[in-house]
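Have a look at the structure below, then the notes.
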Amino acid sequence: MSERVSWVPEGVDTGKPSAARLYDYLLGGGHNFAADRALAEKFLQAQPNARTIARLNRSFLRRAVLFMVDRGIRQFLDLGSGIPTVGNVHEIAQKADPESRVVYVDFEEVAVAHSRLILEHDPNATVIQEDMTKPGAVLQATRHSGLLDFSQPIGVLTAGVFHFVPPQADPNAIVATYRDAVPAGSYLAVSQFTQDLQPEEMAGVVEVMKKSQNPMYPRTKSEIEGLFDGFELVEPGIVPTPLWRPEGANTDDPDKAGIYAAVGRKV
């Protein structure tokens, strides 16, 4: 039986698991349902390190945002932003500079509803409900929000989402549309699952996710490199998440990170 609680938007089928709520569960969040938790347990059977992978991905997002802030970026477009949890992009960026502006983009109803609640009193951040694989609609809605100035560099964030984009959707073309919409000096951050790390576990995860609303498509390092056409990769390039500009002592095993991460600058 589907769950129904006060914070669930009308029309949401809580009996169908979603990737956004699965990720919320792995990060220790409370905005998920029995169906999401059941899928997450299967995910954990296939990849026992999944909670650590989720944590490392979230940590990469934080470091990428701070890296961009250090290089003068004050506006961000967060694609596939998911359910708000500790350390959201606007919190990270606005702590560094209160004038930082953020547009979140997600299609999942619970993610959007919670983002709206959190951002209700923040004039410098908003959420739009659009599918990031339809960049024309996303960019139109973003411009309509009036929050981002497309004549100034923008940090485009895709943290842990492109592995849900199937090859037939042409992920390189999707990224290219966003790239062409932002000026030189803008940045792109990407993190996504790869079969290069722990291929057996990754194959198991792909099998589990086939039965969900969000099938998963891991990519090789060279395929991820293709997403950065028109961008200059910053050091250290495409690496497992804990190796991307770590802070302090780093004890996480990169071979078990599951996800590659990189940041590029539009030239």
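The values are calculated or read from the model by the stated rules, or taken from the named source; none is laboratory data. Since the structure is predicted, the reported quantities are computational estimates derived from the model, not experimental observations. The accessibility values were calculated without ligands, DNA or RNA, using every heavy atom of the protein model including side chains. Shrake-Rupley method; radii C 1.70, N 1.55, O 1.52, S 1.80 Å.
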Treating only the Cα positions of segment 52-208 as identical point scatterers, give the base-10 log of I(q)/I(0) from the Debye formula at each q in 0.15, 0.18 Å⁻¹. -0.79, -1.14
Note the count of lysine pairs whose C-alpha atoms are less than 14 angstrom apart in the chain, limited to pairs 8 or more residues apart or on different chains. 4
Could you work out which residue, out of Arg71, Arg219, Arg63, moves most in a Gaussian network model of the chain, that is, has the largest mean-square fluctuation with Cα springs under 10 Å? Arg71
Would you give the gap between the C-alpha center of segment 106-181 and the C-alpha center of segment 205-267, rounded to a whole Å? 19
Compute the relative contact order of segment 121-262 as a whole-number percentage, counting only Cα pairs closer than 8 Å that sit 6 or more residues apart in sequence. 23
Counting only DSSP beta bridges with both residues in segment 66-190, tell me the antiparallel percent, nearest 5. 0
Which residue, Ala249, Ala38, Ala173, has the most motion in a Gaussian network model of the chain that connects Cα atoms within less than 10 Å? Ala249
Can you quote the Å³ per residue value for the convex hull of the Cα atoms in segment 1-84, rounded to an integer? 109
From largest to smallest, what semi-axes in whole angstrom does segment 163-248 give when each is the square root of 5 times an eigenvalue of its alpha carbon gyration tensor? 24, 19, 10
Add -39500 (n - 2.57) for each DSSP H run of 4 or more in the chain, then divide by its residues: what number comes out at 222 nm, to the nearest 500 deg cm²/dmol? -11500 deg cm²/dmol
Relative to the compact-globule estimate 2.2 N^0.38 Å (N residues), the Cα gyration radius of segment 46-104 stands at a ratio of 1.21
Based on a Kirkwood Rh over C-alpha pairs, give the Stokes-Einstein translational diffusion coefficient of segment 143-187 at 25 °C and viscosity 0.890 mPa s in µm²/s. 206
Bridge orientation stat for the chain from DSSP, antiparallel percent rounded to 5, came to 40
For segment 61-202, with all protein chains present and a 1.4 Å probe, just round the carbon and sulfur fraction of the accessible area to a whole percent. 50
Debye intensity ratio I(q)/I(0), log10, the chain, q values 0.10, 0.16 Å⁻¹ (C-alpha model): -0.46, -1.29
Give the Debye-formula value of log10 I(q)/I(0) at each listed q (0.11, 0.19 Å⁻¹), with one equal scatterer per alpha carbon of segment 30-128, two decimals each. -0.38, -0.97
